[in-house]
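Some notes on the structure that comes next.
Rule-based calculations on the coordinates, nothing more; no lab input. Owing to the predicted nature of the structure, the values given are computational and were not obtained by experimental measurement. A quick note on method: Cβ atoms are made from the backbone with ideal geometry, for glycine too, and the neighbour counts reach across all protein chains shown.
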Amino acid sequence: MTRCHWATTESMIEYHDREWGVPVHEDRRWFEFLLLEGAQAGLSWSTILKKRENYRAAFAKFDPRKVAKFGDEEAAALLLNEGIVRNRLKVASAIGNARAFLVVQKEFGSFDRYIWQFVDGRPIQNARRSMAEVPARTAESDAISRDLLKRGFKFVGSTICYAFMQATGMVNDHLVECPRWRELGGGR
């Protein structure tokens, strides 16, 4: 199989083949990707993927209601947890983002309903032939970033938001030569 060129290790191949670009519609999964993409800032995705199960254990199985209740004691414990990225700002943002996430859920009924409005409710289907054609950000990721920041979210710059969009299937950036491109709606 000719995959997207970034999927080179066993864990990245599995992630590429099973998850990357698959549309998400479950709020806990949205929170998981929001937390992990924020943790990834400045690091490689493979680093975060290797730590994913540690994050799942440390952050209450990505339950935003539970994470939103974390206080100073839980934050201090997270900073001692060698299984995650122990960055004070990223830990604080994960907890703060859980609280902001709950506010969005309350306002829109679900985070899913809120986030999909930025792409008119369906994935953007790109037809890129090389990684050089894939942008770091788009008008849509700029809009998501602005709105999330306005709502109090942290570690949600436009580049992070574009990676978030790719991971969660809001945009299909599999290359056209990759079978996943067509499987996820490319060419329609």
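Tabulated data for the structure shown
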quantity: Amide H contacts of ILE124 (H built 1.01 Å from N, under 5 Å, at least 5 apart or other chain); calculated: VAL171, ASN172
quantity: Nearest-0.05 FRET efficiency for ARG182 and ALA139, computed from C-beta distance (R0 35 Å); calculated: 0.85
quantity: Crossing angle, helix 158-167 versus the chain [Cα axis fit, 0-90 degrees, rounded to tens]; calculated: 70
quantity: Entry for log10 I(q)/I(0) by the Debye sum over Cα atoms at q = 0.09, 0.15, 0.16 Å⁻¹ (calculated from the structure that is shown) out of [x] -0.36, -0.88, -0.97; [y] -0.32, -0.88, -1.00; [z] -0.56, -0.91, -0.97; calculated: [y]
quantity: Neighbour net charge for ALA127 - beta-carbon separation under 15 angstrom, K R +1, D E -1; calculated: +1
quantity: Region 85-125: C-alpha gyration tensor shape, a/c 1.5 cut-off, then a/b vs b/c; calculated: oblate
quantity: Given charges at beta-carbon only (K, R positive; D, E negative), |dipole| of region 65-106 in Debye; calculated: 260
quantity: Amide H contacts of VAL156 (H built 1.01 Å from N, under 5 Å, at least 5 apart or other chain); calculated: none
quantity: Cα long-axis angle, helix 139-150 against the chain (0 to 90 degrees, to the nearest 10); calculated: 10
quantity: Choice from ASP147, ASP112, ASP173 with maximal GNM fluctuation in the chain (Cα, 10 Å cutoff); calculated: ASP147
quantity: Selection of GluC sites (Glu not before Pro), region 1-41, meeting DSSP coil and at most 12 other Cβ within 10 Å; calculated: GLU26
quantity: Dipole of region 1-55 [Lys/Arg +1, Asp/Glu -1 at C-beta], most positive-end residue of THR47, MET12, VAL22; calculated: THR47
quantity: Helix 45-58 vs. the chain, principal-axis angle (Cα, 0 to 90°, nearest 10); calculated: 40
quantity: Quarter of the Cα convex hull surface for region 45-147, i.e. its orientation-mean projected area (nm²); calculated: 8.2
quantity: Trypsin sites (Lys or Arg not before Pro) within region 5-93: DSSP coil, no more than 16 neighbouring Cβ in 10 Å; calculated: LYS69, ARG86
quantity: Listed pairs LYS106/LYS150; LYS50/LYS150; LYS50/LYS106 exceeding 28 Å between Cα atoms; calculated: LYS50/LYS150; LYS50/LYS106
quantity: Total charge dipole magnitude, the chain, about the Cα centre, Cβ charges on Lys, Arg, Asp, Glu only, Debye to nearest 20; calculated: 260
quantity: Proximal aspartates and glutamates relative to LYS66, as straight alpha-carbon distance under 15 Å, when same-chain residues fewer than 8 apart are discounted; calculated: ASP27, GLU32, GLU74
